[in-house]
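Peer 1: Input: one structure, supplied below.
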Amino acid sequence: MKRIVILISGRGSNMEAIVQSCAREGWPAQVVAVMANRPQAAGLAYAAQHGIATGVVEHSQFDSREAFDEALAALIDSHQPDLVVLAGFMRILTDGFVNHYAGRLLNIHPSLLPAFAGLHTHQRAIDAGCKVAGATVHFVTPTLDHGPIVSQAVVPVLPDDTAAALSARVLQAEHVIYPAAVRWFVTGQLQWRDGRVVQAAGEPQLLFA
Ligand code: GRF
């Protein structure tokens, strides 16, 4: 059984989607822990209710990013993960942390990367007049939101869209592509090699939602 640790900062709906898909589809994997950088992260309660170990490493308790990341990595490593999944984890991670988990650290970003790295992606897509928006699953590398792309979901941007409406449309698609990408990883169909995604032919890496 592959061991998955999921990091969240808030709601945790992507984490829920992964936990549910893992159970429903019988992956050869287990979500062994869910961790947050904020004790108020709502998703922690869902994890605890489902018998998953939870942990909090509060970034505000640390003097530096390095010290926070070291404490976080120590807690993660105590669960011996094969894969670490960032699911709405709103902290910039140090190069040391990212390199420690190279090839086994995934993130989902709510835009069609490489467009709109960073925050406020939906409003920026609307303001730019984009006709499509979406989400991207990628391996994490030291450059924020720039790692090699695993899969993307595309949704329309509708006339008069608000950031909230577009965000909800994108989020539905996230809940499809992120569990699929994690399943590919834990079943050996997805790897990271020399900075590139290596993926067994099979399921499409693009969703038009
Ligand atoms: C998602 O839109 C994700 O793409 C972004 O943060 C949001 C987290 O939502 N990184 P949730 O906590 O998974 O509900």
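The values are calculated or read from the model by the stated rules, or taken from the named source; none is laboratory data. Only a predicted model underlies this, so the values are computations on that prediction, with no experimental measurement involved. Backbone-built Cβ (ideal geometry, glycine too); neighbour counts: all protein chains shown.
Peer 1: If a residue has to be over 15 Å from Val34 (Cβ atoms), among the small types (Gly, Ala, Ser) and either within 12 Å of the ligand (Cβ to nearest atom) or surrounded by 15 or more Cβ atoms within 10 Å (Cβ to Cβ) (or both) to count, how many in the stretch 78-99 make the cut?
Peer 2: Residues that pass the stated criteria total 0.
Peer 1: Right, here's the next one. Quick one: count up the residues across the stretch 128-161 that are small (Gly, Ala, Ser), at negative phi, free of Cβ contacts under 8 Å to residues at least 40 places away in the same chain and away from the ligand (no atom under 12 Å from the Cβ).
Peer 2: Number satisfying all stated conditions: 1.
Peer 1: Being away from the ligand (no atom under 15 Å from the Cβ) and either at pLDDT below 95 or touching a helix residue (DSSP H, G or I) at 6+ places or on another chain (Cβ under 9 Å) (or both) is the filter here; which residues of the stretch 100-122 pass it?
Peer 2: His100, Tyr101, Arg104, listed by residue number.
Peer 1: What pairs come up if the first residue lies in the stretch 7-30 and is assigned by TED's automatic domain parsing to the domain that holds Ala42, the second is in a strand (DSSP E or B) and within 9 Å of the ligand (Cβ to nearest atom), and their beta carbons are under 9 Å apart, counting only those six or more places apart or on different chains?
Peer 2: What qualifies is Leu7/Leu86; Ile8/Leu86; Asn14/Ile8; Asn14/Ile108; Met15/Ile8.
Peer 1: Collect the residues in the stretch 151-187 that are of a type in the set (Gly, Ala, Ser) and within 18 Å of the chain's Cα centre (by Cα), keeping them in residue-number order.
Peer 2: Ser151, Ala153, Ser167, Ala168, Ala173, Ala180, Ala181
Peer 1: Restricting the search to the stretch 43-63, which residues are within 13 Å of Met90 (Cβ to Cβ) and within 12 Å of the ligand (Cβ to nearest atom)?
Peer 2: Correct list: Gly43 only.
Peer 1: Moving to a separate point now. Name the residues in the stretch 10-34 that are away from the ligand (no atom under 13 Å from the Cβ) and crowded, with 17+ Cβ neighbours inside 10 Å, would you?
Peer 2: Step one: filter the stretch 10-34 for residues away from the ligand (no atom under 13 Å from the Cβ), giving 21-33.
Ser21, Cys22, Trp27, Ala29, Val31, Val32, Ala33, listed by residue number.
Peer 1: Of the residues Leu75, Leu7, which is away from the ligand (no atom under 16 Å from the Cβ) and touching a strand residue (DSSP E or B) at 6+ places or on another chain (Cβ under 7 Å)?
Peer 2: Result of the check over Leu75, Leu7: Leu75.
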